[in-house]
1. With the requirement that a residue be over 16 Å from the mean Cα position of the chain (by Cα) and loosely packed, with under 15 Cβ neighbours inside 10 Å, what does segment 137-173 give you?
2. Which one of these is of a type outside the set (A, V, I, L, M), in a helix (DSSP H, G or I) and open to solvent by less than 40 Å² (accessible area, probe 1.4 Å): TYR120, TYR134?
3. For the list (1) surrounded by fewer than 19 Cβ atoms within 10 Å (Cβ to Cβ); (2) within 25 Å of ALA234 (Cα to Cα); (3) not aliphatic (A, V, I, L, M), I need the number of the one condition that SER92 fails.
4. I'm checking my understanding of the structure. Among residues of segment 190-200 that are at pLDDT 95 or above and surrounded by 16 or more Cβ atoms within 10 Å (Cβ to Cβ), which one is farthest from PHE148 (Cα to Cα)?
5. Out of everything in segment 1-50 that is charged (D, E, K, R) and assigned to a loop (DSSP other than H, G, I, E, B), what residue ends up being nearest to ASP231 (Cα to Cα)?
6. Run GLY97 past the list (1) in a helix (DSSP H, G or I); (2) open to solvent by 40 Å² or more (accessible area, probe 1.4 Å); (3) farther than 29 Å from ARG161 by Cα and report the number of the one that doesn't hold.
7. Just checking, does segment 40-48 include any residue being within 17 Å of ASP4 (Cβ to Cβ) and in contact with an Asp or Glu (Cβ under 7 Å, 6 or more places away or on another chain)?
8. What's the total number of residues in segment 63-92 that are among the aliphatic types (A, V, I, L, M), closer than 22 Å to ASP114 by Cα and part of a strand (DSSP E or B)?
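The values are calculated or read from the model by the stated rules, or taken from the named source; none is laboratory data. Quick caveat: nothing in here was measured; it's all calculated off a predicted structure. Reconstructed Cβ throughout: ideal geometry from the backbone, glycine too, with neighbour counts over all protein chains shown. Ligands, DNA and RNA are excluded from the accessible area calculation, which covers all protein heavy atoms including side chains. Shrake-Rupley method; radii C 1.70, N 1.55, O 1.52, S 1.80 Å.
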Amino acid sequence: MFYDMHVHSKFSTDSTLDMESAVKRAIDLGLSGIAFTDHLDVDFTDYEDEFHYDFNEYFALIESLKEKYSKSIDIISAVEIGLQPHVIDETSDLIKGFTFDYVIGSTHLIKRRDPYCGNYFRPEDKKVPAYTLYLEELYNNLKLYDNFTFNTMGHVDYIVRYANFEDSTFYYKDFSSLLDELFKYIISKEMSFEINTSTYLKQPLDKKLLIRYKELGGELITLGSDAHSEDRIAKNFKMYADIIKDCGFNYIHHYKNGTAIPEKL
C-alpha cells in the first residue's frame with residue numbers, strides 16, 4: 001500500500017540511481033507508488049549551479065516509465081525545491097511552465113552553511129542553539145516562498161543527520177514554541193508533515209512531534225525514504241507507519257496532480 005514520496009534519481013546531482021531500476025525495486029518491494037523528487041537547489045554552496053536538471057528530459061522519462069509500468073506501480077512526477085532567501089525569483093523562473101504531481105519545499109543550507117559538507121557544525125556548538133538556527137531558517141524560508149505551492153515541508157529534522165552530539169535526537173520539548181508556529185503555518189497552507197525515514201537511520205523520531213502536529217489540527221502525513229540508492233527505497237516504512245498510527249493518525253497520504261490522496265493505515 002505504501003508510496004515512497006521522496007526518492008532521488010540520477011537527475012539529482014548527488015544521486016546515481018537509475019530511475020527504471022528504482023521503479024523495478026519499488027515493484028519488488030510491493031510499493032503502490034514512487035515519487036521522483038529530484039533536486040532543484042539554485043546557487044548551492046560548494047556545487048555552484050549543478051543542482052539543476054533538464055525538466056523536459058525528466059518528464060519524457062517519467063511518461064515513458066508510466067506507460068511501461070502502468071499495470072504494476074504508480075509513478076509520481078515531483079521536485080524537491082531547495083529554499084534560500086536570495087534565489088526565489090530564479091527558482092520561480094526555472095519551474096515556470098512545468099506541472100508536477102508533488103512539490104517538496106526543503107531547507108538544506110543554513111545561512112549558506114551546509115551541514116552535509118561539514119561546514120555548519122563546529123566543535124563548540126551546543127545542540128539546542130544549532131538546531132534552533134536551522135528551524136528559524138526553515139520557518140523564514142517557507143514564509144518567504146509564500147507564493148509557491150508546496151505540498152509538503154521537507155524533513156523538519158534534517159539537521160539531525162549530520163549532527164555529532166552524544167544525543168542528536170530532535171526533541172519537541174526543546175523547540176516547542178518555534179515548532180508550534182511552524183506546524184500552524186504548514187497546517188494553514190495545507191502542507192503535509194513528511195516522515196523522512198532517512199533522518200531516523202541515525203536517531204529515533206520523537207513521537208511528540210507527530211502528536212503535537214495532530215493536536216494543532218494537522219492531518220496530512222507523507223512517508224519518504226529520501227533514497228539515493230536502491231537499498232534505501234521504502235527503508236523502515238512499516239515501522240514508521242506503525243508509529244504514525246500509534247500517534248493517532250488513521251491515514252498517510254500520497255499526491256497526484258497536487259491533490260492529497262489518503263491511504264488507510
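1. ASN140, LYS143, LEU144, ASP146, ASN147, ASN164, GLU166, ASP167, LYS173, listed by residue number.
2. On the way: TYR120 fails: in a helix (DSSP H, G or I).
Result: TYR134 is the single residue among TYR120, TYR134 that is of a type outside the set (A, V, I, L, M), in a helix (DSSP H, G or I) and open to solvent by less than 40 Å² (accessible area, probe 1.4 Å).
3. It fails just one condition, (2).
4. Of the residues in segment 190-200, the ones at pLDDT 95 or above are 190-197.
Okay, now just the ones that are also surrounded by 16 or more Cβ atoms within 10 Å (Cβ to Cβ), so 191-197.
On the way: MET191: 12, SER192: 15, PHE193: 17, GLU194: 18, ILE195: 21, ASN196: 22, THR197: 25 Å.
If we take residues in segment 190-200 being at pLDDT 95 or above and surrounded by 16 or more Cβ atoms within 10 Å (Cβ to Cβ), then THR197 is farthest from PHE148 (Cα to Cα).
5. If we filter segment 1-50 for residues that are charged (D, E, K, R), which is where we start, we get 4, 10, 14, 18, 20, 24-25, 28, 38, 41, 43, 46, 48-50.
From what is left, the residues that are assigned to a loop (DSSP other than H, G, I, E, B) are 10, 14, 18, 41, 43, 46, 49-50.
On the way: LYS10: 15, ASP14: 16, ASP18: 13, ASP41: 25, ASP43: 30, ASP46: 27, ASP49: 28, GLU50: 25 Å.
It comes out as ASP18.
6. GLY97 satisfies every listed condition except (1).
7. no
8. 2
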